[in-house]
Amino acid sequence: MADGGDLRGRRKAAALLLSLDSETAGELLRRLSDAEVQLLTAEMSRMGTITSVEVERTLKDFQALTNSDQIAVEPEMQAMLDKALGTEKAREMLNKTREKTREAAPFRCLVGLDARQVAALVKGEHPQVIALVVSYLSAAVAAELLKDMPDALRYDVIKRVATTGDLPAELVRQIDEMLEARTGGLARGGAASDPKARFKTVAQVLNLAEGAVGKTIIDQLNRDEPALANEIQQLMFVFEDLVKIPDKDIQKILGEVDKGDLMLSLRAAPTEVRDKILGNLSARAREGMQEEMDAMGPKPLSEVEEAQKRILQAVRAMEERGDITVNRGTQDRMV
């Protein structure tokens, strides 16, 4: 999220309007042309929610006026357009804007929902509908949602996410409208339909899922759809894959991750991973870490797994920045 000093153009104007009361904002909008109002409405619709940080240089007393760190865009936009254009014209413009936004970025209503809310939203729906929803969620929310599903449904949903290409646009639109009606229309999301993007979605979800959940799904995919399982595994990165990272990059990782997480994560690590990590420390640092690990005492496996997840998240972030190179799945190591 950009800070307030980075707001430019229509986004800055939209943020300013949203920080005003609807009557004042409506008065400003009445002085604009229909085309300008349409542009600003579309911009506000794309914003979802805005923080006080984004607008503090645009309106210094923003926080005092709103008493909130966020603005709910939809009701504010509805109120100001009602004031500026009248109820009928405002409704017509909002509907037109929603349709254009839905075509460009469907399932905006999923942004900001947690797994519990999404579970309630899709309860009783067909697995294909749930798979479509999962493909538009963040990996963390999707993993949490899958965790509480029955085994058979979880596997069915994951398989559908990985294998289903583009659905008919009209069907997607109908599902989007149904979800928006249930949620009240919150924000925007995104998804991809090509096979590589679908495999990446599944891999990201399984990377963040509990270890037993991910293993069960991959094991079953290996039995039912070995080629599909291989594609997904190629994109996954698990703690054991740290041995495939070059030593020079392991040293970069050691400089980035939390020492406490590192020591905790090594408690349940395979010998080769433990040796790889400790082998990239100086003799003094290695001895000191070994002493601290020995003094830690027993720890719940759940804490160890959470520490490993945080290490993997740091590794993936470094890879995305281009700081390190990661070889995944069954790929051979580069030498």
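A short reminder: the numbers here are calculations on the coordinates, not readings from a lab. Owing to the predicted nature of the structure, the values given are computational and were not obtained by experimental measurement. We place every Cβ from the backbone using ideal geometry, glycine too, and count neighbours over all the protein chains shown.
Worth pointing out:
- Separation in nanometres of the label points that stand 7 Å from Cα toward Cβ, at residue 295 and residue 30: 7.2
- Sorted peptide list for 308-321, 161-174, criterion being average Cβ within 10 angstrom, highest first: 308-321, 161-174
- Annotation: amide H of residue 225 has no partner in the under-5 Å range at sequence separation 5 or more or interchain, hydrogens built in the peptide plane.
- Count Lys and Arg as plus one, Asp and Glu as minus one, and take only other residues whose Cβ is under 15 Å from that of residue 222; the net charge is then -1.
- The order of 134, 141, going from fewest to most other C-beta atoms within 10 Å of their C-beta, is 141, 134.
- Over region 110-235, Cα pairs under 8 Å with separation of 6+ residues give a relative contact order of 33 percent.
- Each Lys or Arg adds one and each Asp or Glu takes one away; over the other residues whose Cβ falls under 13 Å from the Cβ of residue 160, this sums to -1.
- Contact order relative to length of region 200-279, as percent, for alpha carbon pairs under 8 angstrom and 6 or more apart: 28
- Each 5 Å bin from zero holds the following percent of Cα-Cα pairs in region 239-320: 3, 15, 28, 30, 17, 6, 1, 0.
- The packing ranking, built from the mean of other Cβ atoms within 10 Å per residue, places the peptides 107-119, 290-302, 225-237, 272-284 in the order 107-119, 225-237, 272-284, 290-302, highest first.
- Taking each of 159/276; 123/159; 215/252 in turn, the alpha-carbon distance tops 23 angstrom for 159/276; 215/252.
- Over region 110-235 - Rg/Rh using Cα atoms and the Kirkwood inverse-distance radius: 0.94
- Inter-part distance where region 214-261 and region 122-182 are each reduced to a Cα centre, Å: 25
- Contact order normalised by residue count of region 239-320, Cα under 8 Å, 6+ apart, percent: 46
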